Amino acid sequence: MRPTHIEHIGIAVKNLEEAIPYYENVLGLKCYSIETVEDQKVKTAFFKVGQTKIELLEPTADDSPIAKYLEKNPHGGVHHIAFAVENVEQALSDAQAVGVQLIDKVPRKGAEGLNISFLHPKSTGGVLTEFCQEPNN
């Protein structure tokens, strides 16, 4: 397994409406999609920079992973880095084979219809890592 590129960088924010203007007005990026992912209890906003996306993540429930992150990091910040892979299941298998602790043992649906899975930061040098696969791959 080898990532093809950085798919996106996930950034936790308390409020999308307050966060989006920085990316649009200061950085000159355009928010092209806002989506709620119910099973992850998160609302996302996406921006594109070259081939890489910035994903802003706002919690939609107090018990969501993003809400828990914001409790520990009240100013928000980089939550995870996502790598595009051709086969998420194979990437998970390869990671587990070398001793990486998995958060997701099987892929699930994420924002933009991607198949996603996460690796535990205890096994990745403290960086929450996500694998993403286009649904048609």
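Does the stretch 29-97 come out rounded, prolate or oblate, given a ≥ b ≥ c as the square roots of the eigenvalues of its C-alpha gyration tensor, rounded meaning a/c under 1.5 and, failing that, prolate meaning a/b above b/c? Mind showing how you got there, number by number?
Values: a/c = 1.85, a/b = 1.24, b/c = 1.50.
Verdict is oblate for the stretch 29-97.
With a 1.4 Å probe and all protein chains left in place, how much of the accessible area of the stretch 39-93 comes from carbon and sulfur atoms, in whole percent?
Its accessible area is 48 percent carbon and sulfur atoms.
For Lys43, what is the net charge nearby, where nearby means another residue's Cβ is under 12 Å from its Cβ and Lys, Arg count +1, Asp, Glu -1?
Around Lys43, the surrounding residues sum to -3.
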Task: Label-point gap, in nm, between Lys72 and Glu89 - each point 7 angstrom along Cα→Cβ - done: 3.1
- [ ] Specify whether the C-alpha gyration tensor of the stretch 4-45 places it in the rounded, prolate or oblate class, a ≥ b ≥ c being the square roots of the eigenvalues: rounded for a/c under 1.5, otherwise prolate if a/b is larger than b/c and oblate if not.
- [x] oblate
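What is the extension gain from Glu24 to Lys109, computed as 0.36 nm multiplied by their sequence separation minus the C-alpha to C-alpha distance, in nm to one decimal? Please report the intermediate quantities before stating the final value.
Values: separation 85, 0.36 × 85 = 30.60 nm, distance 2.75 nm.
The Glu24-Lys109 span can extend by a further 27.9 nm.
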- [ ] Work from the charge dipole of the chain (Cβ charges, +1 for Lys and Arg, -1 for Asp and Glu, about the Cα centre) and give the residue of His8, Thr52, Gly126 farthest towards its positive end.
- [x] Gly126
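Find the accessible area per residue for the chain; the probe is 1.4 Å, ligands and nucleic acids are left out, and the unit is Å². Write down the numbers at each step before the final one.
Values: 7680 Å² over 137 residues.
Counting only protein heavy atoms, the per-residue value for the chain is 56 Å².
Antiparallel versus total DSSP beta bridges in the chain: what percent is that, nearest 5? Numbers along the way, then the final one.
Working: 28 of 37 bridges.
Of the beta bridges lying entirely in the chain, close to 75 percent run antiparallel.
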Open item on the list: Give the lysines reachable from Lys109 as a straight Cα distance under 19 Å; neighbours fewer than 8 places away on the same chain don't count.
Closed with: Lys41, Lys43, Lys53
- [ ] Classify the chain as rounded, prolate or oblate, taking a ≥ b ≥ c as the square roots of the eigenvalues of its Cα gyration tensor: rounded when a/c is under 1.5, otherwise prolate if a/b is larger than b/c and oblate if not.
- [x] prolate
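The values are calculated or read from the model by the stated rules, or taken from the named source; none is laboratory data. Since the structure is predicted, the reported quantities are computational estimates derived from the model, not experimental observations. Cβ atoms come from the backbone with ideal geometry, glycine included; neighbour counts cover every protein chain shown. Only protein heavy atoms, including side chains, enter the accessible area calculation; ligands, DNA and RNA are left aside. Shrake-Rupley method; radii C 1.70, N 1.55, O 1.52, S 1.80 Å.
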